[in-house]
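For reference, the structure is listed below as structure tokens.
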Amino acid sequence: MTANRLDIVLINPSSRTQVYQSLGTDLAAVENPVWAGLMATFCRQRGLSVEIIDAEAECLSASEVADRVAYLKPVLAAVVAYGHQPSASTQIMTAVGRACSAVKVTAPDQPVLLLGGHVAALPERTLREEEADFVAAGEGLHTLVSLVDALKSPAPDLSAVPGLWYRDNGRPRSGPQATLLTRLDAEMPGVAWDLLPMSRYRAHNWHCLGGHERQPYAAIYTTLGCPYQCSFCCIQAPFKNGEVGEPGEKQPPNSYRFWSVDHVLAQIDTLVEKYGVRNIKIADEMFVLNKRHVVGICDGIIARGYDLNIWAYTRVDTIKDGMLDKLKAAGFNWLAVGIEAGADRVRTDVDKAFSQEQVYGIVRQIQSAGISVIGNYIFGLPEDDHATMRATLDLALDLKCEFANFYSAMAYPGSPLYALALRRGVPLPQRWTGYSQHSRDCLPLPTRYLPAREVLKFRDAAFLKHYTDPGYLQLIENRFGTKSVEDIRRMTAHRLERDLLTGALDVPPTLLPADNAVSAPAPEVLQLTRR
């Protein structure tokens, strides 16, 4: 082993076609791999040499990734399973597995580690199923560095590597638990932008409605983790292993962490001044939460006079007085709001206990501040039936958010719904791409009253109903101009192919039993009419 050998290659696999079908060609964002960039910085802080292969941005096949890894000959190749949002980690696992297999075929002796949200949720299963040498539970940061150190040793002691899963005579073993980072500013001060192909990233189509150029573009974190425990979300999977707190405590104290305002602003300075970035996504699972943090970042951007086009996530119940005007002045032109459902009992069942009046009130407040709203809706939550799903669609049509995401409920590994589905024996996707909202083999959860096929059928019909609604298209024309209406129409021209709806995916109509047995409502005919 030479003294100058590269320590780590971090791989972001290419999955756009499998995950988005034709939508991935020019509508979906091409997003910088935030986690891979943060991991690179963490490793550099500890003296390791790092390269990143962003196969998604560079449109590299698995074999091309393997060829590049074979050329670089790192001590460790790490394939990172993180996507645009927490749930995307599972849906890209097919691409992760292909990249891993290709590396092992091309360079059989190359040590390969898998890490990321899905991997943290199912570490032992991942080690059993994938052709990787190692798997990381938790965040994976301490695992990366310690594993490289161990592999450089003449007699590696894998049992001492925190968070590591490995094989011992063919049997899965795990090392000690890895703790979460507690000093983000010092230990991981931002993304290693210089290792990324910055000219290749582009914003979502809706992010730039109104004629904004979609490139350059970048996504950053200002916090890690989430203080909420929604049953359909898997955000906690990478963080739960290192949480500190009493067993059963609802939210241990260190799983939701902040970068300081100064460090966030330094990242934005680099993006604006070095790379000319104007379009920015704040990738935090919940950005609009801590008023001091949010307002501090906004004040810093305003003082700099940057002309930015930013979007971020919020909740209906986290926006506080004085935030919206600051956000708009700083360039936050879009806020994504988790509305989820149109029926109170459906939202309450998944720990989203806010009222319909709150939904209308906060959406109108955001819009009155000049900020566009992305309404996020989920069809097929456990308490959904045809009537409640229609109520969700009716709510979306009436609210007229400037954009809307329509999801089918999924049992993402790491979420409480996944554990419930396993307990109940509910059919789950046979391939990881089946967890993608837009894939051919998409397989959502059944509800307590409806099979998965009905949920997906309703979701796809609701998407078309919403985006061809004359009132919505008039809103877009008034807000963004006629070209944006044409953009929306081009989007709806892409029809997703669904194996579940054509019979190519044979799934028994198993319903999700209620924990407390209730009578199911009478079957109803699917009608997408407003009441």
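Read-outs throughout are calculated quantities, based only on the coordinates presented, and are distinct from any laboratory measurement. All values reported here derive from a predicted model rather than from experimental measurement. Ideal geometry is used to build each Cβ from the backbone, glycine not excepted, and the neighbour counts take in all protein chains shown.
Structure values in brief
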| quantity | calculated |
| --- | --- |
| Extreme residue, positive dipole direction of the chain, given options 186, 418, 376 (C-beta unit charges) | 376 |
| Relative contact order [Cα under 8 Å, 6+ residues apart], the chain, whole percent | 13 percent |
| nm² value of the averaged projected area, convex hull over the Cα atoms of the stretch 62-111 | 3.4 nm² |
| Isotropic mean projected area of the C-alpha convex hull, the chain (nm²) | 24.1 nm² |
| Mean Cβ count within 10 Å, highest first, over the residues of peptides 119-132, 68-81 | 68-81, 119-132 |
| Cα gyration tensor, the stretch 344-481 - rounded (a/c under 1.5), prolate or oblate | prolate |
| Estimated Rh, the stretch 360-411: Kirkwood, alpha-carbon pairs, angstrom | 11.8 Å |
| Helical mean residue ellipticity (222 nm; -39500 (n - 2.57) per DSSP H run of 4+; nearest 500) of the chain | -11000 deg cm²/dmol |
| Point-charge dipole on Cβ atoms (K/R +1, D/E -1) for the chain, about Cα centre, debye to 20 | 380 debye |
| Whether the stretch 8-174 is rounded, prolate or oblate, judged on the alpha carbon gyration tensor where a/c under 1.5 counts as rounded | prolate |
